[in-house]
Amino acid sequence: GCMLDGKLYPFGEIARTENCFRCSCSPEAMRCCSLFHTPTGYDRENCRVVFNKESCDYDVVRKDDPSKECPVYSRV
């Protein structure tokens, strides 16, 4: 298998790791890509970015009221 962040994964395709990556594990290498996109276009003065491990995505919420989401205009 392959080790990632201290956890052993079996050879083959891994749909989702504990840290929100999709990976392919082979005897030669482990290749991974993220399942999330980082917000880049949002109101940085009034909003902040919080990683949501359950949905494997970033939430952009108001600094003064984290229960309210902020609009996001672009992600990378």
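If only residues of the stretch 67-76 that are in contact (Cβ under 8 Å) with a residue 12 or more places away in the chain and part of a strand (DSSP E or B) are counted, the one that is surrounded by the most Cβ atoms within 10 Å (Cβ to Cβ) is ARG75. Examine the stretch 44-53 for a residue that is part of a loop (DSSP other than H, G, I, E, B), in contact with a Gly (Cβ under 8 Å, 6 or more places away or on another chain) and surrounded by 11 or more Cβ atoms within 10 Å (Cβ to Cβ), and state whether such a residue exists. No, because not a single residue in the stretch 44-53 is part of a loop (DSSP other than H, G, I, E, B), in contact with a Gly (Cβ under 8 Å, 6 or more places away or on another chain) and surrounded by 11 or more Cβ atoms within 10 Å (Cβ to Cβ). Restricted to the stretch 54-66, and to residues that are of a type in the set (Asp, Glu) and part of a loop (DSSP other than H, G, I, E, B), which residue is most open to solvent (accessible area, probe 1.4 Å)? That would be GLU54.
With the structure loaded, tell me whether ARG16 is over 10 Å from the mean Cα position of the chain (by Cα) and open to solvent by 80 Å² or more (accessible area, probe 1.4 Å) or whether it fails that test. Don't jump to the end; show me each part of the working.
Details: over 10 Å from the mean Cα position of the chain (by Cα): yes; open to solvent by 80 Å² or more (accessible area, probe 1.4 Å): yes.
It is true that ARG16 is over 10 Å from the mean Cα position of the chain (by Cα) and open to solvent by 80 Å² or more (accessible area, probe 1.4 Å).
The values are calculated or read from the model by the stated rules, or taken from the named source; none is laboratory data. In this text the structure is predicted, and so the values were computed from the model without any measurement. Heads up, the Cβs are rebuilt from the backbone with ideal geometry, glycines too, and the neighbour counts pull from every protein chain shown. Heavy atoms of the whole protein, side chains included, go into the accessibility calculation; ligands, DNA and RNA do not. Shrake-Rupley method; radii C 1.70, N 1.55, O 1.52, S 1.80 Å.
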